[in-house]
1. Test of the criteria: in region 126-230, which GluC sites (Glu not before Pro) are in a DSSP loop and have at most 11 other Cβ atoms within 10 angstrom of their Cβ?
2. Pairs Lys95/Lys134; Lys139/Lys247; Lys76/Lys229; Lys76/Lys134; Lys96/Lys139; Lys139/Lys224: which exceed 30 Å Cα-Cα?
3. Quote the convex hull volume per residue of region 53-144, based on C-alpha atoms, as a whole number of Å³.
4. Only helical DSSP H runs with n ≥ 4 go in: add -39500 (n - 2.57) per run for the chain, normalise by residue count and round the 222 nm mean residue ellipticity to 500 deg cm²/dmol.
5. What nm value, rounded to one decimal, do you get for the distance between Ala162 and Lys76 when each label is placed 7 Å out toward the C-beta?
6. Take the alpha carbon gyration tensor of region 98-218, find the square roots of its eigenvalues, order them as a ≥ b ≥ c, and report rounded if a/c is under 1.5; if not, report prolate when a/b exceeds b/c, else oblate.
7. Please grab the % of Cα pairs in the chain that end up more than 31 Å from each other.
8. In Å², and per residue, what accessible area does the chain have when probed at 1.4 Å with the other protein chains present?
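The values are calculated or read from the model by the stated rules, or taken from the named source; none is laboratory data. Fair warning: this is a prediction, and the values are worked out from it, not measured in the lab. Because the Cβ atoms are built from the backbone with ideal geometry, glycine has one as well, and the counts that use them run over all protein chains shown. Accessible surface is based on the protein model in full, side chains and every heavy atom, while ligands, DNA and RNA are left aside. Shrake-Rupley method; radii C 1.70, N 1.55, O 1.52, S 1.80 Å.
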Amino acid sequence: MKYSDAQLREFGLTRERIPRHVAIIMDGNGRWATARGQMRSAGHRAGVNALRDIIRFSSDAGVEALTVYAFSTENKKRPPEEIGVLCALLIEYFKKEIDELDENRVRIRSIGELNWFPENVQAAVRNAEIRTAKNEGLKLNIALNYGSQAEIIRAMQLASMAAAREGRVPTQADFEANLYTAGLPEVDLLIRTSGEERISNFLLYQLAYAELYFTDLYWPDFTKEEYLKALRDFAGRARRFGGLTAKDRA
Ligand code: IPE
Ligand code: IPE
Ligand code: MG
């Protein structure tokens with residue numbers, strides 16, 4: 001955390017209204033590139049640059065957890081060349097960014113079935129996780145070969161096996177303890193770029209009471225200023241969680 005309360009106010013934010021957990025569907029890299037007459041790979045590269053600023057601001061503003069969707073289970077349907085580009089970018093990303101992330105005390109974790117990726121990708125991700133495991137700053141979760149339905153089935157299976165060993169049925173707590181996001185707060189704010197208004201198999205369970213924020217901008221155009229807009233919008237929402245706010249009661 002870097003910004004004081006006064007600095008946050010200059011951004012139009014207040015400390016109490018900073019979401020604890022932000023999730024982002026970073027969509028539109030391909031269309032961003034195509035619109036410029038460039039290869040889709042150029043869009044993915046530009047997407048990495050956009051992510052850097054969003055991580056930095058999240059960390060500086062005191063967001064506790066940031067979960068970003070980088071590759072879905074369904075993205076395996078993409079042409080092998082595009083998957084290859086994404087793998088190469090991942091390796092490059094960790095090589096280039098790890099020092100700054102570590103200096104800023106960011107704790108990196110991947111969520112999803114990492115074993116599907118080539119060895120060198122797995123190694124890059126695991127090294128980043130190990131190197132930053134003790135950091136106490138922003139909890140950065142990168143969803144890689146992640147699908148929420150697969151996550152839910154996996155958690156259900158692990159929870160029922162563990163409970164069966166103790167001769168009981170699994171509880172909600174058992175289930176949640178086996179999600180990839182165990183121990184993290186519920187998602188407060190979900191952002192999706194590129195104009196699509198769908199969840200695409202991301203954090204279905206964890207989004208139960210998340211505020212949803214959609215923007216038509218493609219991910220590479222999602223700057224810190226745009227992030228601020230989303231955070232200010234979030235700060236102005238009345239979250240009821242099924243109950244009533246003081247204003248509703250009046
Ligand atoms: C998001 O951008 C990144 C990944 C899914 C890996 P897309 O690649 O989906 O870009 P569009 O949606 O085709 O523009
Ligand atoms: C969601 O984007 C996955 C990521 C951003 C990694 P997609 O581009 O895969 O989603 P759909 O296919 O448009 O729903
Ligand atoms: Mg897309």
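1. Values: sites: Glu129, Glu136, Glu151, Glu166, Glu176, Glu186, Glu196, Glu197, Glu211, Glu225, Glu226; in loops: Glu136, Glu166, Glu186, Glu196, Glu197.
For GluC sites (Glu not before Pro) across region 126-230 that sit outside H, G, I, E and B with at most 11 neighbouring Cβ atoms in 10 Å, the list reads Glu136, Glu166, Glu197.
2. On the way: Lys95/Lys134 19 Å; Lys139/Lys247 34 Å; Lys76/Lys229 33 Å; Lys76/Lys134 32 Å; Lys96/Lys139 19 Å; Lys139/Lys224 19 Å.
The pairs that break the limit, which is 30 Å between Cα atoms, are Lys139/Lys247; Lys76/Lys229; Lys76/Lys134.
3. Working: hull volume 8.2 nm³, N = 92.
Residue-normalised Cα hull volume stands at 90 Å³.
4. Working: 9 runs with 113 residues, N = 250.
Roughly -14000 deg cm²/dmol at 222 nm, from the helical runs in the chain.
5. Once both label points are built, they end up 2.5 nm from each other.
6. On the way: a/c = 1.70, a/b = 1.17, b/c = 1.45.
Since a/c reaches 1.5 but b/c is at least a/b, the shape of region 98-218 is classed as oblate.
7. Details: 7923 of 31125 pairs.
Every Cα pair in the chain considered, those over 31 Å come to 25 percent.
8. Values: 12880 Å² over 250 residues.
So the chain comes to 52 Å² accessible per residue, rounded to a whole number.
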